[in-house]
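The values are calculated or read from the model by the stated rules, or taken from the named source; none is laboratory data. Predicted, not measured: the structure shown is a model, and the values here were computed from it. As a convention, Cβ positions derive from the backbone with ideal geometry for all residues, glycine included, and neighbour counts pool all protein chains shown. Surface accessibility is based on the protein's heavy atoms, side chains included, excluding ligands, DNA and RNA. Shrake-Rupley method; radii C 1.70, N 1.55, O 1.52, S 1.80 Å.
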Amino acid sequence: MSGFRTALRVAAAALIPIATAAMALLPATPAHADSPLREHAEARGKFIGAALATGPLASESAYRDIAGGEFNQITAENAMKWTDTEPSPNQFTWAGADAIVDFATQNDQQVHGHTLVWHNQTPDWVQSLGADAMRAAMQNHIAKVVGRYASNPTVVSWDVVNEVFDDNGTMRTSFWYQKLGESYIADAFRAARAADPDARLCINDYNVEGVNAKSTAMYNLVRSLRAADVPVDCVGFQGHLAIQYGFPGQVQENLQRFADLGVQVRFTEIDIRMQTPRDATKDALQATYYTNVVKACLAVPQCAGITLWGFTDRYSWVPDTFSGQGAALIYDENYAAKPAYTAVHDALAGGTGTPDTQAPTTPGTPAVSQITSTGARLTWTASTDDRAVSGYDVYRGTTKLGSSTTNSITLTGLAAQTAYTVHVVARDAAGNTSTPSATTTFTTTSTPPTGCTSTYRTVSSWQGGFQGEVTVTCTGAVTSWRTTLTYPAGVGVTQSWSSTVSGAGTAFTFVNAAWNGSVPAGGSTTFGFIGTWNGTGAPPTPVLS
Ligand code: G3I
């Protein structure tokens, strides 16, 4: 492995071994509580970055002031992509890329290069080449773009390949893959290493933040590339999250398993969107998610830092892509800091910021309604907090049954004819929790006769896992359904959709989600899940009941 650049200010983004870096970077005194994000990040040996757009960088001083003052690493949101740098064969245009690098130099920042090989924002002329010419064009592009900044200490790392997987963990059948097969990935890394032996080289993707089929596929690819001496130094987890879809599971564990392969890890494109308009409850939950991201990175020594995909809601790709969603960043459209800014700041400050030690007040006793065989609705009097209540957790004893950002919840996945004694706990963005509410007891009804039958198919499988799909067909109309899949030992279920899964060992029971319990007479509905399988060959077919 080549030597990385040394003498750079930010340890983790700088390309020096972690242990050395951590010692070199700890400042004599901690950053002041009011210090900008970058000072707190530097005190923790991490980078805090933002993707920047060249338009406002040139035209708005408020944008420049925050971009330069708060962040110690920047990424070009678009200006280093192929369409911008090589619009015609071997004709390079550097205005945007150079503007980013110049700004970073002026503001004592590092640049992470994004991105060399991607299926988006690549000109048509590349996509229409034959295989040999396409491989040569890719190698030339990498040589020229990486080579331009190879001797510039500001540019420290590159996303070499971006988004090579589909969400189910199979290779994306991009034009790169169709023409060149998987070999384009190793070739791209080797070309980048040849162009700049000191730059840190990353593979980058989205929906890989938690442990799931796609991140496991990424894990297996990185492991096999490194086993073949392909110079993959770093894995980027984009982190385009949404408060309405929940925070991904096992993020810290996921970062750590990649780090254990010997690669550096980092969050590369964090934004956390919501259904607009904003309100205090959504802002508080978003702030919690930002806290979670920063804390996950701080907890993993090999996590180099966190880049936000923009910093102001004034400029974000989100509303253009997700209708009715936005407000994903840490400053609003008028450059006012949001609760998300405070969350990032306080998490980076790690106790040197103004601590939030006051817990929310105790929630009211939950009232129960809409009891079915699998669920019930709970409503309680809301808590208050000196800053904001970020959510509520509903427990049966010590088992969490569900979470809500409002003072009500519809519980699903409950067992039929079972007594549940439940209570509610409120929490704030800093993790302070209220005393538990008084308990309420209710008993679910018996399972309705459904007259439904299920069929199963394996959608796809890979080493260690598979995606399954079940179709539930009902002879009479039903308002709820359930299906149990019984497997031989060695099969697990890590997530499901259009259903709620419970069970362990060999039997997994799936019940309808709140929105798809009703099936008309003769109708059917489908749900899916991701399974793990520790054997070889095709995953086993379950017995359905
Ligand atoms: O520059 C042209 C402009 O001349 C034209 O008038 C205008 C009309 O639509 O389009 C402009 O180009 C847009 C470009 O952003 C610059 O603003 C493209 O249409 C638009 O598609 C492009 O979107 C970018 C997107 O990548 C493309 O896939 C977003 O800004 C950028 O935030 C987004 O970033 C990606 C990362 O690179 C990879 N990971 C996901 C992330 C979010 O999609």
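Across the stretch 419-432, what is the number of residues that are modelled with pLDDT of 90 or more and surrounded by 13 or more Cβ atoms within 10 Å (Cβ to Cβ)?
Counting residues in the stretch 419-432 that are modelled with pLDDT of 90 or more and surrounded by 13 or more Cβ atoms within 10 Å (Cβ to Cβ) gives 6.
So which residues in the stretch 145-178 are among the charged types (D, E, K, R) and within 15 Å of Trp118 (Cα to Cα)?
Answer for the stretch 145-178, where residues must be among the charged types (D, E, K, R) and within 15 Å of Trp118 (Cα to Cα): Asp159, Glu163, Asp166, Arg172.
When the residues of the stretch 270-309 are narrowed to those that are within 16 Å of the ligand (Cβ to nearest atom) and open to solvent by 10 Å² or more (accessible area, probe 1.4 Å), which ends up farthest from Ile203 (Cα to Cα)?
Ranking the qualifying residues of the stretch 270-309, first place goes to Arg273.
Regarding Thr83, is this residue modelled with pLDDT of 95 or more, open to solvent by 50 Å² or more (accessible area, probe 1.4 Å) and under 30 Å from Arg190 (Cβ atoms)?
Yes, satisfied.
Answer with yes or no whether Thr115 is assigned to a loop (DSSP other than H, G, I, E, B), in the same structural domain as Lys46 (by TED's automatic domain parsing) and modelled with pLDDT of 95 or more.
yes
Got a sec? Which of Ser502, Ser498, Ser518, Ser437 is modelled with pLDDT of 90 or more, in contact with a Gly (Cβ under 7 Å, 6 or more places away or on another chain), under 30 Å from Thr379 (Cα atoms) and open to solvent by 20 Å² or more (accessible area, probe 1.4 Å)?
Only one candidate qualifies: Ser498.
From the set of residues in the stretch 37-56 that are open to solvent by less than 30 Å² (accessible area, probe 1.4 Å) and assigned to a loop (DSSP other than H, G, I, E, B), which is modelled with the lowest pLDDT?
Top of the filtered list is Gly45.
Does the stretch 440-452 contain any residue that is among the hydroxyl-bearing types (Ser, Thr, Tyr), in a loop (DSSP other than H, G, I, E, B) and over 30 Å from Ile530 (Cβ atoms)?
Scanning the stretch 440-452, I find at least one residue that is among the hydroxyl-bearing types (Ser, Thr, Tyr), in a loop (DSSP other than H, G, I, E, B) and over 30 Å from Ile530 (Cβ atoms), so the answer is yes.
Tally the residues that are away from the ligand (no atom under 16 Å from the Cβ), among the hydrophobic types (A, V, I, L, M, F, W, C) and touching a strand residue (DSSP E or B) at 6+ places or on another chain (Cβ under 7 Å), restricting the search to the stretch 189-210.
Within the stretch 189-210, residues that are away from the ligand (no atom under 16 Å from the Cβ), among the hydrophobic types (A, V, I, L, M, F, W, C) and touching a strand residue (DSSP E or B) at 6+ places or on another chain (Cβ under 7 Å) number 4.
How do the pairs read when you match residues in the stretch 310-323 that are among the basic types (Lys, Arg) with residues anywhere that are modelled with pLDDT of 95 or more and more than 10 Å from the ligand (Cβ to nearest atom), using Cβ under 6 Å and keeping only pairs 6 or more apart or on different chains?
Arg314/Glu333
Between Thr410, Thr421, Thr374, Thr405, which is touching a Lys or Arg at 6+ places or on another chain (Cβ under 9 Å), among the β-branched types (Val, Ile, Thr) and under 23 Å from Ala347 (Cβ atoms)?
Thr405
Under the condition of being within 15 Å of the ligand (Cβ to nearest atom) and out of contact with any strand residue (DSSP E or B) (no Cβ under 9 Å at 6 or more places or on another chain), which residue from the stretch 54-80 is farthest from Arg314 (Cα to Cα)?
Ala58
So which residues in the stretch 318-361 are of a type in the set (Asp, Glu), away from the ligand (no atom under 16 Å from the Cβ) and at pLDDT 95 or above, if there are any at all?
Selection gives Asp332, Glu333.
Which ones in the stretch 103-123 are open to solvent by 20 Å² or more (accessible area, probe 1.4 Å) and under 30 Å from the mean Cα position of the chain (by Cα)?
Of everything in the stretch 103-123, those that are open to solvent by 20 Å² or more (accessible area, probe 1.4 Å) and under 30 Å from the mean Cα position of the chain (by Cα) turn out to be Thr105, Asn107, Asp108, Trp118, His119, Asn120, Gln121.
For Tyr315, all conditions in the list (1) within 16 Å of the ligand (Cβ to nearest atom); (2) open to solvent by 20 Å² or more (accessible area, probe 1.4 Å); (3) under 24 Å from Thr406 (Cα atoms) hold save one; what is the number of the exception?
Among (1) within 16 Å of the ligand (Cβ to nearest atom); (2) open to solvent by 20 Å² or more (accessible area, probe 1.4 Å); (3) under 24 Å from Thr406 (Cα atoms), the lone unmet condition for Tyr315 is (3).
Of the residues that make up the stretch 124-133, is at least one under 30 Å from Gln495 (Cβ atoms), within 16 Å of the ligand (Cβ to nearest atom) and outside any loop (DSSP other than H, G, I, E, B)?
no
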